[in-house]
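Asks: Could you have a look at this structure, given as structure tokens, before my questions?
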Amino acid sequence: MLSIENLQLCVHEKVVLSDFSIAIKPGQMQLIVGPNGSGKSSLVHFLRGDAHYKKKRGTVTFLGTSLEAMSVVERVQKGLFIVTQHQIAIPGLKVSVFLKATYEALVGQIADLDGFFKKIVELFVLVGLDGSFLDRCVHEGFSGGQKKRFELVQILLLRPKCIVLDEIDSGLDAAGCQVLLAVLNNLMSEKVDRSVLLITHRPELFQSMCNVQIYHMKIASEFT
């Protein structure tokens, strides 16, 4: 699904990730744990196409194709969904418009309005949000936990093949963490090829799930 071999990343010539390798197979959840500064979030920014993060060496492939050969849009269209730690508010863009446009762009068909928004409201309720969020602007005035729950709505709506989550549990209370686990269990139980790469400081939260592996990152000497 997603394969990374001997990856070294730099920002302004400073090494932020060194000789990192991991392979995430279909049906598998990989947890990445490690201290701050070990390059976990740098990896996520690179995968999502942030131009500040330059590859010095190594290979990254998604579904057998070089990730760098894909535009950011192509990565999403092929099923790579990435949630970073910090979400940006988009004033003026309603959640309802955002979700409908995103869904239609990825699915390739026009959504039936009544059926689509009924489904969206059901997903909001499922993650512990109410339907009033449809009329709010994306992430504007959302609490940290509400932002994370809104990301779960998008994952449930789009059902991507490979989900990369950067500390999505950090902004959630106990109830929110239970929602997160329920969503991940739901997605991973489907008979489709799907994988999850999850960065966390609380690996014990996810160890009850099936087919979970843990990767321990360390701060490389090159960083200091």
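The values are calculated or read from the model by the stated rules, or taken from the named source; none is laboratory data. Owing to the predicted nature of the structure, the values given are computational and were not obtained by experimental measurement. Neighbour counts are summed over all protein chains in view; Cβ atoms, including those assigned to glycine, are modelled from backbone coordinates with ideal geometry. Note: accessible area is taken over every heavy atom of the protein model, side chains too, but ligands, DNA and RNA are not part of it. Shrake-Rupley method; radii C 1.70, N 1.55, O 1.52, S 1.80 Å.
Asks: Can you find a residue that is surrounded by fewer than 18 Cβ atoms within 10 Å (Cβ to Cβ), in contact (Cβ under 8 Å) with a residue 12 or more places away in the chain and over 14 Å from the mean Cα position of the chain (by Cα) anywhere in region 160-176?
Replies: Yes - at least one qualifying residue is present in region 160-176.
Asks: Just to check your reading of the model, which residue among Lys78, Lys25, Lys55, Lys40 is modelled with pLDDT of 90 or more and touching a helix residue (DSSP H, G or I) at 6+ places or on another chain (Cβ under 8 Å)?
Replies: Lys55
Asks: Going through region 6-15 one residue at a time, which ones are in contact with a Phe, Trp or Tyr (Cβ under 9 Å, 6 or more places away or on another chain) and open to solvent by 40 Å² or more (accessible area, probe 1.4 Å)?
Replies: If the condition is that a residue be in contact with a Phe, Trp or Tyr (Cβ under 9 Å, 6 or more places away or on another chain) and open to solvent by 40 Å² or more (accessible area, probe 1.4 Å), then Asn6, Lys14 are the ones that fit.
Asks: Okay, moving on. Pairs only if they're at least six apart or on different chains, beta carbon under 6 angstrom, first in region 117-142 and within 21 Å of Ala175 (Cβ to Cβ), second part of a loop (DSSP other than H, G, I, E, B); list them, first residue then second.
Replies: Filtered contacts from region 117-142: His139/Gln87; His139/Ala89.
Asks: Looking at (1) more than 21 Å from Leu187 (Cβ to Cβ); (2) outside any strand (DSSP E or B), which is the one condition that is false for Val76?
Replies: (1)
Asks: Condition first: of a type in the set (D, E, K, R) and surrounded by 17 or more Cβ atoms within 10 Å (Cβ to Cβ). Can you find one or more residues in region 108-121 that meet it?
Replies: Checked region 108-121: no residue is of a type in the set (D, E, K, R) and surrounded by 17 or more Cβ atoms within 10 Å (Cβ to Cβ).
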